[in-house]
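Enquirer: Quick one: the structure is below, questions incoming.
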Amino acid sequence: SAANAPDDDAPNRYSRTERTVYGRYSRDANSSGSSLPSNTLEKRIEELEWELAKERQENARLMKMAQDKEELIGKLKEEIDLLNR
């Protein structure tokens, strides 16, 4: 169950990141008199969204690996207990 705990807060962490990144670029564009064209900002947002999707996929892969290893450890502990009896 400990392996599932980080998964619970993952969606919140990503949504905060997305809001922070979007908010930062929106403020930068507004404060600088829109010195960056909106298509540049849109392109940057698309790049960040793509990068975020890659990171989420990698995170899911690593979480699955950790869960598999936890299951293996549990099975090996059971086997050790049986061998010790």
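Enquirer: Roll a 1.4 angstrom probe over the protein heavy atoms and tell me the percent of accessible area of the range 38-84 that is carbon or sulfur.
Expert: That fraction is 54 percent.
Enquirer: Sorted from largest down, give the three principal axis spans of the alpha carbons of the range 38-84, whole angstrom values.
Expert: 68, 7, 5
The values are calculated or read from the model by the stated rules, or taken from the named source; none is laboratory data. These numbers come from a predicted model, not from an experiment. Ligands, DNA and RNA are excluded from the accessible area calculation, which covers all protein heavy atoms including side chains. Shrake-Rupley method; radii C 1.70, N 1.55, O 1.52, S 1.80 Å.
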